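The values are calculated or read from the model by the stated rules, or taken from the named source; none is laboratory data. The model shown is predicted, which means the values in this text are computed figures rather than measured ones. Glycine gets a Cβ as well: all are built from the backbone with ideal geometry, and neighbour counts include every protein chain shown. SASA here: full protein model, heavy atoms, side chains in, ligands and nucleic acids out. Shrake-Rupley method; radii C 1.70, N 1.55, O 1.52, S 1.80 Å.
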Amino acid sequence: MSTSEAATTTVGETRSPTRVGLTWFWDVPEFRRAMGLILVLGLSGFLLLPLATLLLWAFADEWRYPSLVPQSFSLRWWEWVFTIGDVGSAVRYSFMTAPVVTVIAAIICLPAAYSFSRFRFPGRRALFISLLAANAFPKIGLYVAIATLFYRLNLMGTFWGVVLIQLVGTLVAMVWIPAAGFDSVARELEDAARDAGAGALRVFWSITLPLAMPAIIVASFLAFLAAFDEAQGTLVVGSPTIVTMPVLMYTLVVNYPEPVGAIFSILLSAPSVILLLIARRSLLAGYLAAGFKGR
């Protein structure tokens, strides 16, 4: 055996026990399963513990330290929330502004999304990325600047002022996601329809739009939720005339007992959970991810 082979053998013999000593437990299936279970339980606890606390507060009549659970449960705070006048008004305004914002966003953004997907023009990529500008700066500063303009246009404290300020937060979702949906539509299908004699409008309504519709629905849901949950802009532009549920949430958390804030948090989260469960199937669709890969 040569000197180099002997040295290699010696190094291998000295390193092998060290490597085995540090990694032997990864070869035990039970250990890997236990570690995976511990990580899943830890992540679940991190995510679900605040929600569990919120649910306990919502039905708690009395909960004092150091008790881990409420001493008594009651529905009296639910009755109180539904009987005060401010809550009904806030719910009405929230469900009035959010659908209007979603419709306006669709009218403005869907043609833009189709243009970004189908046409190539100078500055296309820069303009597409610039849509993130609304989220690149502290929103409260942006809203104050917009409020200065709205004050001159007599939009402060008005319904349409709130609609316009909520529209700012929907632009990215209503352009990026539908653009990915349009990108995922195979051009061969459109070409085949044109070869069969269909005009451009017929191809769009019969081929492109139906295939991109799941992405448009997902974007519409996200736009609705963005408008529904918008608090800072609505507070700056709408108060004190237009008070939506997120704006009222600030007052309830600061000035009322904990169960009131917990109940209102559940009411505010319910539309988000319902819409996201409805959109879950489209969010996980492979064609939507394929559209984003083309960006």
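Here is a yes/no grid of residues against (1) aromatic (Phe, Trp, Tyr); (2) modelled with pLDDT under 80; (3) part of a helix (DSSP H, G or I); (4) in contact with an Asp or Glu (Cβ under 6 Å, 6 or more places away or on another chain):
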| site | (1), (2), (3), (4) |
| --- | --- |
| 22 | no, yes, yes, no |
| 32 | no, yes, yes, no |
| 39 | no, no, yes, no |
| 61 | no, yes, no, no |
| 68 | no, yes, no, no |
Among the residues of the range 216-246, which ones are assigned to a loop (DSSP other than H, G, I, E, B) and either hydrophobic (A, V, I, L, M, F, W, C) or touching a strand residue (DSSP E or B) at 6+ places or on another chain (Cβ under 9 Å) (or both)?
231, 242, 243
Answer with yes or no whether residue 80 is over 30 Å from the mean Cα position of the chain (by Cα), more than 26 Å from residue 204 (Cβ to Cβ) and in contact (Cβ under 8 Å) with a residue 40 or more places away in the chain.
yes
Out of the residues in the range 195-215 that are small (Gly, Ala, Ser) and part of a helix (DSSP H, G or I), which is nearest to the chain's Cα centre (by Cα)?
215
In the list 84, 107, which residue meets the criterion of being of a type outside the set (D, E, K, R), at pLDDT below 90, surrounded by fewer than 18 Cβ atoms within 10 Å (Cβ to Cβ) and within 23 Å of residue 230 (Cα to Cα)?
84
Restricting attention to the range 126-150, which residues are touching a helix residue (DSSP H, G or I) at 6+ places or on another chain (Cβ under 9 Å) and not small (Gly, Ala, Ser)?
127, 128, 131, 132, 135, 139, 140, 142, 143, 144, 146, 150
Scope the range 243-264; condition buried (at least 18 other Cβ atoms within 10 Å of the Cβ) and of a type in the set (Ser, Thr, Tyr); matching residues
244
Does the range 110-126 hold any residues that are loosely packed, with under 15 Cβ neighbours inside 10 Å and part of a helix (DSSP H, G or I), and which are they?
111, 124, 125, 126
Looking at residue 175, is it touching a Ser or Thr at 6+ places or on another chain (Cβ under 9 Å), in a helix (DSSP H, G or I) and touching a residue at least 24 places away in the same chain (Cβ under 8 Å)?
no
Which of the residues that make up the range 127-172 are closer than 22 Å to residue 108 by Cα and not in a helix (DSSP H, G or I)?
131, 132, 153, 155, 158
Single residue of the range 70-81 satisfying the filter (open to solvent by 100 Å² or more (accessible area, probe 1.4 Å) and part of a helix (DSSP H, G or I)) that is farthest from residue 267 (Cα to Cα):
76
Scan the range 49-71 and report the pairs whose first residue is of a type in the set (A, V, I, L, M) and whose second residue is not in a helix (DSSP H, G or I), with Cβ atoms within less than 8 Å and a gap of 6+ or a chain change.
56/63; 56/69; 56/70; 60/70; 60/72; 60/73; 60/74; 69/63
Among (1) over 23 Å from residue 103 (Cα atoms); (2) at pLDDT below 80 - the single one residue 279 does not satisfy:
(1)
